[in-house]
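Participant: Pasting a structure here, questions to come.
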Amino acid sequence: MGMDVYGLAPVTPAGEYFRRNVWGWHPLWTYCEDRHEDIAGAVQYAHFNSGDGLDADASRILAARLFADVDSGAATEYVRARDLILSAIPDTTCQLCEGTGIRTDEVGVDMGMPRRELNIDQVAKLGRKHGWCNGCFGEGTTMAWEREYKLTVNDISEFAVFLNTCGGFSIQ
């Protein structure tokens, strides 16, 4: 699933359409809210595909601020700090194998996961010759879901380019 953001009155092709999957859109808009709440706060349903958005003037102002954030290094600092916080979130116990590394529920048994022979690299890493879980690659833990939400300075730059010439936008 993703957020399709359509320009309302684009003046260039770059202002016609902007898209991010949910893993990319949510942190991008959260950045806008954190750094420029006075503008981004006007979009009540930015995290939904409900058609909410900004008009042309507010879009251009937000674009100018995002460009300034990138140029000043503020965007880089924000992304670095965010990444540091996320990296400290520990892995979680795999729900499919309950942390054993071997999926033994009905689906796992039907797919032969408890009997699956591991390759030499897996044997070295996992310390066993058989047993697999497709949720955690046999490790028993998975990355915390919060760490799946990615944000880069390039995302912020690309959104600023869109905002600058979109003539207002609607999130679909």
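The values are calculated or read from the model by the stated rules, or taken from the named source; none is laboratory data. All values reported here derive from a predicted model rather than from experimental measurement. Every residue, glycine as well, gets a Cβ built from its backbone with ideal geometry; the counts of neighbours run over all protein chains shown.
Participant: From the set of residues in segment 131-146 that are buried (at least 17 other Cβ atoms within 10 Å of the Cβ) and in contact with a helix residue (DSSP H, G or I) (Cβ under 7 Å, 6 or more places away or on another chain), which is farthest from ASP105 (Cα to Cα)?
Facilitator: In this case the residue turns out to be GLY138.
Participant: If I filter segment 75-111 down to residues being assigned to a loop (DSSP other than H, G, I, E, B) and acidic (Asp, Glu), which single residue comes out as farthest from CYS133 (Cα to Cα)? If you could, list the steps in order and put the result at the bottom.
Facilitator: Going residue by residue through segment 75-111, those that are assigned to a loop (DSSP other than H, G, I, E, B) are 88-91, 94-105, 111.
Narrowing further to those that are acidic (Asp, Glu): 91, 98, 105.
Details: ASP91: 16, GLU98: 10, ASP105: 10 Å.
The residue in question is ASP91.
Participant: Does segment 121-130 include one or more residues that are closer than 30 Å to ALA68 by Cα and either acidic (Asp, Glu) or crowded, with 18+ Cβ neighbours inside 10 Å (or both)? Full working, then the answer.
Facilitator: We begin by selecting, within segment 121-130, every residue closer than 30 Å to ALA68 by Cα; these are none.
Checked against the condition, which is being closer than 30 Å to ALA68 by Cα and either acidic (Asp, Glu) or crowded, with 18+ Cβ neighbours inside 10 Å (or both), segment 121-130 yields no hits at all.
Participant: Right, next: From THR141, THR76, which residue is among the polar types (S, T, N, Q) and in contact with a strand residue (DSSP E or B) (Cβ under 7 Å, 6 or more places away or on another chain)? Steps first, answer last, please.
Facilitator: Numbers: THR76 fails: in contact with a strand residue (DSSP E or B) (Cβ under 7 Å, 6 or more places away or on another chain).
None of the other options fit; the residue is THR141.
Participant: To continue, here is another question. Considering every residue within segment 119-131, establish whether at least one is under 10 Å from CYS94 (Cα atoms), modelled with pLDDT of 95 or more and not β-branched (Val, Ile, Thr).
Facilitator: Looking for residues that are under 10 Å from CYS94 (Cα atoms), modelled with pLDDT of 95 or more and not β-branched (Val, Ile, Thr), one finds none in segment 119-131, hence no.
Participant: Among the residues of segment 138-153, is any over 26 Å from TYR78 (Cβ atoms), modelled with pLDDT of 95 or more and among the hydrophobic types (A, V, I, L, M, F, W, C)?
Facilitator: The answer is no, given that none of the residues of segment 138-153 is over 26 Å from TYR78 (Cβ atoms), modelled with pLDDT of 95 or more and among the hydrophobic types (A, V, I, L, M, F, W, C).
Participant: If you don't mind, there's one more thing I want to ask. Could you list all residues from segment 112-164 that are in a loop (DSSP other than H, G, I, E, B), basic (Lys, Arg) and out of contact with any Pro (no Cβ under 7 Å at 6 or more places or on another chain)? Let's see the steps before the verdict.
Facilitator: Kept after step one, since they are in a loop (DSSP other than H, G, I, E, B), are these residues of segment 112-164: 112, 116, 118-119, 127-129, 131-140, 143-144, 149-152.
Add one more test, that the residue is basic (Lys, Arg), and what stays is 116, 128-129, 150.
If the condition is that a residue be in a loop (DSSP other than H, G, I, E, B), basic (Lys, Arg) and out of contact with any Pro (no Cβ under 7 Å at 6 or more places or on another chain), then ARG116, ARG128, LYS129 are the ones that fit.
Participant: Could I ask something else about it? Being within 26 Å of ASP4 (Cα to Cα), acidic (Asp, Glu) and in the same structural domain as VAL43 (by TED's automatic domain parsing) narrows it down to one residue among ASP83, ASP71; which is it?
Facilitator: Numbers: ASP71 fails: within 26 Å of ASP4 (Cα to Cα).
It is ASP83.
Participant: What residue, of GLY112, GLY41, GLY108, is assigned by TED's automatic domain parsing to the domain that holds ASN21 and either buried (at least 17 other Cβ atoms within 10 Å of the Cβ) or more than 15 Å from CYS136 (Cα to Cα) (or both)? Break it down into steps so the answer makes sense when it comes.
Facilitator: Values: GLY112 fails: assigned by TED's automatic domain parsing to the domain that holds ASN21; GLY108 fails: assigned by TED's automatic domain parsing to the domain that holds ASN21.
Result of the check over GLY112, GLY41, GLY108: GLY41.
Participant: Got a sec? Which of LEU84, LEU62 is within 18 Å of ASN154 (Cβ to Cβ) and among the hydrophobic types (A, V, I, L, M, F, W, C)? Even if it seems obvious, please write down each step before you answer.
Facilitator: Working: LEU84 fails: within 18 Å of ASN154 (Cβ to Cβ).
Answer to the check: LEU62.
Participant: Tell me whether segment 83-103 contains one or more residues that are among the β-branched types (Val, Ile, Thr), crowded, with 16+ Cβ neighbours inside 10 Å and touching a residue at least 60 places away in the same chain (Cβ under 8 Å).
Facilitator: Going residue by residue through segment 83-103, those that are among the β-branched types (Val, Ile, Thr) are 85, 89, 92-93, 100, 102.
Still in the running and crowded, with 16+ Cβ neighbours inside 10 Å: 100, 102.
Right, trim to touching a residue at least 60 places away in the same chain (Cβ under 8 Å) and you get none.
No, segment 83-103 contains no residue that is among the β-branched types (Val, Ile, Thr), crowded, with 16+ Cβ neighbours inside 10 Å and touching a residue at least 60 places away in the same chain (Cβ under 8 Å).
Participant: Related question: Go through the residues of segment 5-14 one by one and say whether even a single one is surrounded by 13 or more Cβ atoms within 10 Å (Cβ to Cβ) and among the aromatic types (Phe, Trp, Tyr).
Facilitator: Yes.
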